[in-house]
Amino acid sequence: MLEKLKYNIGKFLLKLKLKKNPKEQSVFNGLIRKSKKIFIIMPEKLTEFDEALDVVRYFTIHGKETTVFVNRKLSEKISDNVAKIEYDDNDITRLNLPSKQLIDKLNNIVCDLVIDLNRPGKLFYAAVSNSINGRIRFASDNGELMEFYNFYYCSSTKEPAVFYRSLISFFNMF
């Protein structure tokens with residue numbers, strides 16, 4: 001009960017912040033091809049994380065400047081040629097929002113595309129994606145958090161390997 005209340009308060013605060021910054025209309029034609037800087041929010045589940053590394057490799061192979069937002073516990077799995085922003089449990093407030101210090105760090109990042117690879121989505125990652133100065137915010141089907149993104153991918157598959165491979169195929173269309 002208390003967790004649901006904290007979640008709803010956090011979601012309300014995030015909505016208030018977004019009302020101050022209205023969304024601009026975007027054209028998705030050539031989205032991936034034209035993007036130079038990509039910010040990827042990695043999954044927190046280890047089983048998902050290992051498979052999501054293929055998405056990071058996809059963008060680095062295609063010459064995109066990639067920055068990864070990753071839990072400090074999992075950061076050693078990320079290649080050294082990829083920029084990392086690490087976080088830990090101290091960066092998550094009681095309302096499941098990023099701490100002020102983390103938000104200040106994220107506000108300085110400018111990119112073309114923000115990709116949240118968490119399935120299912122969490123309020124913390126939705127807030128992180130909206131703290132970054134990016135035109136396009138992408139997520140997989142995150143249920144009630146979809147209002148915080150402007151581009152998403154729906155898949156019925158539960159298997160992480162299949163999901164991330166099909167996601168890369170989806171990116172190839174743009």
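FYI, it's all coordinate maths here, none of it is from the lab. Quantities reported herein were computed from a predicted structural model and do not represent experimental measurements. Because the Cβ atoms are built from the backbone with ideal geometry, glycine has one as well, and the counts that use them run over all protein chains shown.
For the reader, a short list of remarks on this structure follows.
- Think of each Lys and Arg Cβ as +1 and each Asp and Glu Cβ as -1; about the Cα centre, that makes the dipole of the chain roughly 600 debye.
- Of all DSSP bridge pairs formed entirely within the chain, close to 5 percent run antiparallel.
- Charges were assigned to the Cβ only: +1 to each Lys and Arg, -1 to each Asp and Glu. The resulting dipole of segment 95-147 about its Cα centre is roughly 160 debye.
- Model label sites at Thr47 and Ser75, defined 7 Å from Cα along the beta-carbon direction, differ in position by 2.7 nm.
- If you count Lys pairs in segment 42-174 whose Cα atoms are under 27 Å apart, skipping same-chain pairs closer than 8 places in sequence, the total is 28.
- Extending 7 Å from the Cα toward the beta-carbon at both Asp141 and Leu2 defines two label points whose distance is 3.4 nm.
- Between the alpha-carbon centres of segment 100-149 and segment 68-84 there is a gap of 17 Å.
- Folded to 0 to 90 degrees: helix 160-172 orientation relative to the chain principal axis, Cα: 70
- Across segment 126-174, the fraction of Cα-Cα pairs farther apart than 13 Å, rounded to a whole number, is 60%.
- From largest to smallest, the equivalent ellipsoid semi-axes obtained for the chain from the alpha-carbon gyration tensor read 23, 18, 17 Å.
- Dipole in debye (nearest 20) - segment 26-88, about Cα centre, beta carbon charges: Lys, Arg +1; Asp, Glu -1: 400
- Taking Lys and Arg as +1 and Asp and Glu as -1, the other residues whose beta-carbon sits under 15 Å from that of Lys36 total +3.
- Rel. contact order, % - alpha carbon contacts under 8 angstrom, at least six apart, segment 21-174: 24
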